[in-house]
């Protein structure tokens, strides 16, 4: 239950509640901001596109499921409760055999497909 003062409401972000509001896959939704960084929740399944982010690192935190991130020279698997940070400029491709629910942390305004573009590019700054 939110606590209210004269000018503010204090309520924790509940990941399960927010993820339940996200119907489409590959469409990250912002749930919080910290300075210039956004915390985004997303549901994914299947293959993404090869891309990089020349200007920033990208953090993946898996809440449910198992994510594989492919690189040109290998891959990493991330399970529930695990985090992986892809360094800026490193080309990568997320893949989820089954549905994965996760959080992304990245600066405001970063395209999810980097400069690759295409049909998987999601609009920025969409809040859940």
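The values are calculated or read from the model by the stated rules, or taken from the named source; none is laboratory data. Please read these numbers as outputs of a predicted model, since none were measured by experiment. Using ideal geometry, Cβ is built from the backbone for each residue, glycine included, and neighbour counts are taken over all protein chains shown.
Which numbered condition trips up residue 7, out of (1) outside any strand (DSSP E or B); (2) under 16 Å from residue 62 (Cα atoms)?
In the conditions (1) outside any strand (DSSP E or B); (2) under 16 Å from residue 62 (Cα atoms), residue 7 misses (2) alone.
What is the number of the single condition among (1) at pLDDT 95 or above; (2) surrounded by 14 or more Cβ atoms within 10 Å (Cβ to Cβ); (3) not in a strand (DSSP E or B) that residue 95 does not meet?
(3)
Is it true that residue 89 is in a strand (DSSP E or B) and more than 13 Å from the chain's Cα centre (by Cα)?
Details: in a strand (DSSP E or B): no; more than 13 Å from the chain's Cα centre (by Cα): yes.
In short, no.
From the residues in segment 115-128 that are on the phi > 0 side of the Ramachandran plot and in contact (Cβ under 8 Å) with a residue 12 or more places away in the chain, which one is nearest to the chain's Cα centre (by Cα)?
Initial filter on segment 115-128 (on the phi > 0 side of the Ramachandran plot): 117-118, 125.
Next, from what is left, pick out any that are in contact (Cβ under 8 Å) with a residue 12 or more places away in the chain: 118, 125.
Numbers: 118: 18, 125: 12 Å.
Out of the qualifying residues, it is 125.
Out of (1) surrounded by fewer than 17 Cβ atoms within 10 Å (Cβ to Cβ); (2) out of contact with any strand residue (DSSP E or B) (no Cβ under 6 Å at 6 or more places or on another chain); (3) not in a strand (DSSP E or B), what's the single condition that is false for residue 53?
(1)
Only residues that are free of Cβ contacts under 8 Å to residues at least 40 places away in the same chain and assigned to a strand (DSSP E or B): list them for segment 25-50, please. Write out each step before concluding.
So the first thing to find is which residues in segment 25-50 are free of Cβ contacts under 8 Å to residues at least 40 places away in the same chain, and the list is 32, 34-35.
Passing the criteria: 32, 34.
Tell me which of these residue 89 doesn't satisfy, since it passes every other one: (1) touching a strand residue (DSSP E or B) at 6+ places or on another chain (Cβ under 8 Å); (2) modelled with pLDDT of 95 or more.
Of (1) touching a strand residue (DSSP E or B) at 6+ places or on another chain (Cβ under 8 Å); (2) modelled with pLDDT of 95 or more, only one is false for residue 89: (1).
How many residues does segment 10-19 contain that are in a loop (DSSP other than H, G, I, E, B) and either at pLDDT below 95 or in contact with a strand residue (DSSP E or B) (Cβ under 8 Å, 6 or more places away or on another chain) (or both)?
Here is the first cut: in segment 10-19, the residues in a loop (DSSP other than H, G, I, E, B) are 11-14.
Now restrict to residues that are either at pLDDT below 95 or in contact with a strand residue (DSSP E or B) (Cβ under 8 Å, 6 or more places away or on another chain) (or both): 11, 13.
Selection size over segment 10-19: 2.
With respect to residue 75, determine if the residue is free of Cβ contacts under 8 Å to residues at least 60 places away in the same chain, over 22 Å from residue 16 (Cα atoms) and not in a loop (DSSP other than H, G, I, E, B). Talk me through it step by step, then tell me what you get.
Numbers: free of Cβ contacts under 8 Å to residues at least 60 places away in the same chain: yes; over 22 Å from residue 16 (Cα atoms): yes; not in a loop (DSSP other than H, G, I, E, B): yes.
Criteria met by residue 75.
Can you find even one residue in segment 98-114 that is loosely packed, with under 14 Cβ neighbours inside 10 Å, in contact with a strand residue (DSSP E or B) (Cβ under 7 Å, 6 or more places away or on another chain), in contact (Cβ under 8 Å) with a residue 12 or more places away in the chain and part of a loop (DSSP other than H, G, I, E, B)? Steps first, please.
Within segment 98-114, the first condition is being loosely packed, with under 14 Cβ neighbours inside 10 Å, and the residues that meet it are 98-99, 108-109.
Imposing the further condition that a residue be in contact with a strand residue (DSSP E or B) (Cβ under 7 Å, 6 or more places away or on another chain) reduces the set to 98-99, 108.
Subset that is in contact (Cβ under 8 Å) with a residue 12 or more places away in the chain: 98-99, 108.
After this cut, where a residue has to be part of a loop (DSSP other than H, G, I, E, B) as well, the list is 108.
Yes, segment 98-114 has at least one match.
In this structure, is residue 22 closer than 19 Å to residue 121 by Cβ, at pLDDT below 95 and in a loop (DSSP other than H, G, I, E, B)? Outline the logic, then answer.
Values: closer than 19 Å to residue 121 by Cβ: yes; at pLDDT below 95: no; in a loop (DSSP other than H, G, I, E, B): yes.
Against the criterion (closer than 19 Å to residue 121 by Cβ, at pLDDT below 95 and in a loop (DSSP other than H, G, I, E, B)), residue 22 does not qualify.
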